[in-house]
Amino acid sequence: MENLKHTVKDLSNGGFVLVLDTGAKIDPQAEAMIQALHSRSTGGIHSHLSVLRDKGAENFMEKFYVGYGHKSIGDCGRATIFVEGVSMLAAKAIQDWRLYSGQEASTRYIDFSEQTFINPLGTPEGEKMLEDMRTFYLKAQKPVQDHLKSLFPREEGQKESVYEKAITARAFDITRGLLPAGASTNVAWSMNLRQFADELMLLRHHPLAEVQEIAEKTEAALFEAYPQSFGHKRYDQTEAYNQACMQDYYYHDHESPEFELVHDGVNRDILKNYRNELEKRPAKTELPPYVADSGILTYDYLLDFGSFRDIQRHRAVVQRMPLLTIDHGFEPWYLESFPPSMLTELKAFLYDHQEQLRHLKASKEIKQYYTAMGYRISCRISGDIRALVYLGELRATRFVHPTLVKRAGALLDSLEALFGEYGLVIHRDDTPNQFDVKRGEHDIVIKEEKQTTEQSV
Ligand SMILES: Cc1cc2nc3c(=O)[nH]c(=O)nc-3n(C[C@H](O)[C@H](O)[C@H](O)COP(=O)(O)OP(=O)(O)OC[C@H]3O[C@@H](n4cnc5c(N)ncnc54)[C@H](O)[C@@H]3O)c2cc1C
């Protein structure tokens, strides 16, 4: 481990970008090259490995991948980057890519009270707003936990440590609504070389300066780690076009219904051929990919930013990036879940929070950093039946945040109503809103003696 040379670039807010050196003998560039050799030689892998041994991958990648623009060669090598100490907004920007793979710190299992809250304005006024939010978040933890314990007392046979963890996770679910979207998080980002190049072309024009910096530093770090696969020429017209798309149209902020189907592009004549597949699908099984050729559906809905963070991770659907504002109101579930004894204080806190945001001298994009994650945003999702059924069934279970369960349930209701007559069967969790102590087992912990992962989520 000590000999590995990770490439690190520091970010101005204290975070960093790190390109992982796995110490592999065949690194991503070399792997891309030996796959690409298949397209020009029938010698086979043993012959390609000899070429790699004798000539290395550097010249090949420079000439064929970057030079001649054979983009598919970049699909064949994979890099992993760790981006740490960045805002939730930046994490969403990084994950706004349909071939993103990776993981992010969970607000449901990690205490965010000690995380840095990013203050892009750098003003005392901004700092005070963020620290007021931290104070209230901290103050709420114990009363919320006590309230939950009175609602869901530990039952006989339930292990105390698991019960406590489940209560803490539920309390984090409730109090996360008070965290600012500027709270910092850590993101793992794993993709092929071409996807990095393509995504970075847009991220460097992102409306937030923080994301622009992450994009520039990531590109610089990738260039340092894999010099023959990055450093593509930039074309003025392409840059100008990408800049306009990102700066003028990226954020979605419309009047939005609670939940509504706004476009049904599913061709019933095609769908009726898939009755067997729709009817006979067992639970926890995906529909076959080809049913997607029947068309797509689009839904508009409101969801709090906290839960949007989860639904946004579904990559088989297309989602717009909502702008986080206070205009669509604070999600009522958070208010309903607070102990009644704290409700007046919570409402007063939110009133002050809104007033401070209204008077804050900052653009609407920057105001997002100071806005509590419990505020609702206008979301739009488009996808085919396969992707939407998968998403709906995964997210309408008792292990998912209740505000997302509600929207996932509405999605399943809609799909059932639209396509039940074509045979679509939905497999549901019968008690999606039940408090289940098994939540306490869903953390990922490293066992001290054996250093193994106990259970994954
Ligand atoms: C209870 C729970 C807790 C979680 N906790 C965390 C956490 O703490 N941290 C974290 O980082 N993640 C967490 N996740 C996982 C994360 O939210 C998932 O990435 C998210 O659920 C997306 O689901 P998916 O990756 O399974 O599938 P999707 O991205 O929705 O994909 C569905 C299917 O389509 C395929 N597919 C994907 N993209 C495409 C495409 N473009 N075209 C065609 N097919 C495609 C996929 O391979 C998959 O088979 C959690 C998930 C759950 C359910």
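Computed over the alpha-carbon pairs of the chain, the distance histogram in 20 Å steps reads 21, 51, 26, 1 percent, short to long.
Footprinting exposure proxy ranking of Met191, Met61, fewest other C-beta atoms within 10 angstrom first, gives Met191, Met61. For Gln243 and Asn3, the FRET efficiency from 1/(1 + (r/R0)^6), where r spans their Cβ atoms and R0 equals 41 Å, is about 0.50.
The order of Leu193, Leu37, going from fewest to most other C-beta atoms within 10 Å of their C-beta, is Leu37, Leu193. Ranked by the mean number of other Cβ atoms within 10 Å of their residues, highest first, the peptides 382-391, 180-189 fall in the order 180-189, 382-391.
With a simple spin-label model that places each label point 7 Å from the Cα along the Cα-to-Cβ direction, the separation between Asn433 and His359 comes to 3.8 nm.
How far, in nm, would the chain grow between Thr285 and Glu345 when pulled straight, counting 0.36 nm per residue and subtracting the alpha carbon separation?
17.0 nm
Three semi-axes describe the equivalent ellipsoid of the range 136-222; taken as square roots of 5 times the Cα gyration tensor eigenvalues and ordered largest first, they are 42, 17, 8 Å. Between the alpha-carbon centres of the range 339-409 and the range 169-212 there is a gap of 16 Å.
Sketch the reach of a paramagnetic label on Ser150 as a point 7 Å from Cα along Cα-to-Cβ, and name the residues of the range 347-377 whose backbone nitrogen lies under 19 Å away. Label zone hits: 347.
What does the highest-first list of 424-436, 200-212 look like by mean Cβ count within 10 Å? Please list the in-between numbers first.
Numbers: 424-436: 14.8, 200-212: 19.6.
Per-residue Cβ counts within 10 Å, averaged per peptide and sorted highest first, yield 200-212, 424-436.
With one equal scatterer per alpha carbon and no solvent term, the Debye-computed log10 I(q)/I(0) for the range 1-56 at 0.26, 0.27, 0.31 1/Å reads -0.99, -1.03, -1.18.
Computed from the coordinates by the stated procedures, all read-outs in this text should not be read as laboratory data. Computed from a prediction, not measured in an experiment: that's the story for all the values here. All Cβ positions, even for glycine, are placed from backbone atoms using ideal geometry, and neighbour counts span all protein chains on display.
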